[in-house]
1. Contact list please: Cβ distance under 7 Å, first residue in region 26-40 and closer than 23 Å to GLU75 by Cα, second residue modelled with pLDDT of 85 or more and loosely packed, with under 14 Cβ neighbours inside 10 Å, pairs at least six apart or on different chains.
2. In region 74-89, what residues are assigned to a strand (DSSP E or B) and of a type outside the set (Val, Ile, Thr)?
3. Taking TYR46 as the residue in question, decide whether it is farther than 24 Å from HIS90 by Cβ and outside the structural domain of LYS84 (by TED's automatic domain parsing).
4. Can you name every residue in region 11-29 that is modelled with pLDDT of 60 or more and of a type outside the set (Ser, Thr, Tyr)?
5. Restricting the search to region 24-61, which residues are surrounded by 11 or more Cβ atoms within 10 Å (Cβ to Cβ) and touching a helix residue (DSSP H, G or I) at 6+ places or on another chain (Cβ under 9 Å)?
6. So how many residues does region 30-54 have that are modelled with pLDDT under 85, in a strand (DSSP E or B) and of a type outside the set (Lys, Arg)?
7. Taking the condition of being part of a strand (DSSP E or B) and either buried (at least 16 other Cβ atoms within 10 Å of the Cβ) or without any contact (Cβ under 8 Å) to a residue 24 or more places away in the chain (or both), how many residues in region 62-73 meet it?
Amino acid sequence: MRPQQRLFSEADSFAAGDIGYQDGSGYVYMLDRLKDMIVTGGENVYSGEVEAVISGHPAVREVAVFGIPDSRWGEIVAACVVLKRDRCAHCGSPDQLQPPEPRRRLRCPAT
């Protein structure tokens, strides 16, 4: 058995908080999340609404928003963001990027 197959076997399963299935060929398909609401500091935050705002930025290709357990707030809102290739995360400009220095992030000319 290959290592990636063992990860999704019944004996080695894990709870990701997502709804999905595994087909007969072993491919895993994610359909939705089990929980769409994040409760932080007594406020209800809907991950889909936060994702819609973040994805409106011209430099964002993909975004996923989720809650992380927090002892003070109950949960805190977190996001994983994938940027479009050659786009500035600050202003979204496709053509004004400064070349990155080794081990440094791209720098927006507006900052």
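The values are calculated or read from the model by the stated rules, or taken from the named source; none is laboratory data. None of the values given here were measured: they were computed from a predicted structure. Positions of Cβ are generated from backbone atoms using ideal geometry, with glycine treated the same way; all protein chains shown enter the neighbour counts.
1. Cβ pairs passing all conditions: ASP36/TYR46; ASP36/GLY48; MET37/ASN44; MET37/TYR46.
2. Restricting attention to region 74-89, the residues satisfying the condition of being assigned to a strand (DSSP E or B) are 74-83.
Once the filter is applied, which keeps residues that are assigned to a strand (DSSP E or B) and of a type outside the set (Val, Ile, Thr), region 74-89 yields GLY74, GLU75, ALA78, ALA79, CYS80, LEU83.
3. no
4. The first filter runs over region 11-29 and keeps only residues modelled with pLDDT of 60 or more, leaving 15-29.
Answer for region 11-29, where residues must be modelled with pLDDT of 60 or more and of a type outside the set (Ser, Thr, Tyr): ALA15, ALA16, GLY17, ASP18, ILE19, GLY20, GLN22, ASP23, GLY24, GLY26, VAL28.
5. The answer is ARG33, LYS35, ASP36, MET37, ILE38, VAL60, ARG61.
6. The number of residues fulfilling the criteria is 3.
7. Restricting attention to region 62-73, the residues satisfying the condition of being part of a strand (DSSP E or B) are 62-70.
Now narrow it down to the ones that are either buried (at least 16 other Cβ atoms within 10 Å of the Cβ) or without any contact (Cβ under 8 Å) to a residue 24 or more places away in the chain (or both): 62-69.
So the count comes out to 8.
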